[in-house]
Amino acid sequence: MAAPSLDLFENQSEFRLVVDVPGATPSNTHVAWNDFETLSVHVQRAALAPGAPSLSEYEESDWYREIVFSPDADGTKAHSTVRDGVLTVRVPKRRTLSSKLIPVYAA
Amino acid sequence: MKKGDYAMNNAKHLAKRANASVEPVQHHDTVAPPVDVYENGDELLVVADVPGASHDGIDVQLEKGQLTILARRVDDTTGAPVATEYRSHDYFRVFSVPQGVDASKIDAQLTAGVLRLRLPKSESLKPRRIEVRQG
């Protein structure tokens, strides 16, 4: 599998991930939010044409990539679209990070 | 008019001309997209990855035996970059088309960021079976 190139942007409310995955359509693209704030992208690419090419410059293979986000990313509310072979995933930010005070005792 | 005044006026005039000639131009770098070429008895098939290029941004021309592909992409770059692995760029590639391709029947199709160019062979380039007569 080949690793596609990506760009990641952020603003105050969300992260926006942009991945070049030519050949991707909604039906062959799988985006998943996994443990440890990790987003995975898998595109099962169909054969370009029947037979072997007489000139080949790139390997015909699936696209696969994992991206680790920061803890304020809420992947459970992520939204993804694909257009012209470019996948865009919008991951909203949590408004407040959950935190817990840890008491400190004298040793 | 003193010599100095003339020089100053001339400098102003040149500055005005320089400002007037400035036009907002959106410049994009170009990269050569990778291609695969398939061939059978009827045609050549060129497949090129041009992610981000829309149907309106593709320009394919055949002139003097040179097939030129220009694909423009428009990217949304709003927001602060956290990680960037590629810069926004257009795609540009030129091929020499072999003689015997029927230029009037070249077909281009763009699907999901993949450009497919079909170059039909003319009859003279197609393989043909030669009948062997009995002597």
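The values are calculated or read from the model by the stated rules, or taken from the named source; none is laboratory data. For clarity, every value in this text was computed on a predicted model and none was experimentally measured. Please note: Cβ atoms are built from the backbone with ideal geometry, for glycine as well, and neighbour counts cover all protein chains shown. Surface areas here come from the heavy atoms of the whole protein model, side chains and all, with no ligands, DNA or RNA. Shrake-Rupley method; radii C 1.70, N 1.55, O 1.52, S 1.80 Å.
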> In peptide B:76-86, how many Cβ atoms from other protein chains are near each Cβ within 10 Å, on average?
Replying inline: 6
>> Charges on Cβ only, +1 for Lys and Arg, -1 for Asp and Glu, centred on the Cα centroid of the range B:95-135; of B:I130, B:V114, B:S96, which one is farthest towards the dipole's positive end?
In response: B:I130
> For B:D49, A:D72, what's the largest-to-smallest order of accessible area, 1.4 Å probe?
Replying inline: A:D72, B:D49
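Label chain A by shape, choosing from rounded, prolate and oblate, from the square roots a ≥ b ≥ c of the eigenvalues of the Cα gyration tensor; if a/c is under 1.5 it is rounded, and otherwise prolate applies when a/b is larger than b/c, oblate when it is not.
Since a/c reaches 1.5 and a/b is larger than b/c, the shape of chain A is classed as prolate.
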> Which whole number gives the average count of other chain Cβ atoms within 10 Å of the Cβ atoms across peptide A:20-26?
Replying inline: 6
> List the aspartates and glutamates whose alpha-carbon lies under 14 Å from that of B:K64, not counting same-chain residues fewer than 8 positions away?
Replying inline: B:D102
> Roughly how big is the A-B contact, given as buried accessible area in Å² (both sides, 1.4 Å probe, nearest 100)?
Replying inline: 2600 Å²
>> Averaged across B:102-112, how many Cβ atoms of other chains sit within 10 Å of each residue's Cβ atom?
In response: 2
>> Rg/Rh for the range A:44-92 to two decimals, with Rh computed the Kirkwood way over all alpha-carbon pairs.
In response: 1.15
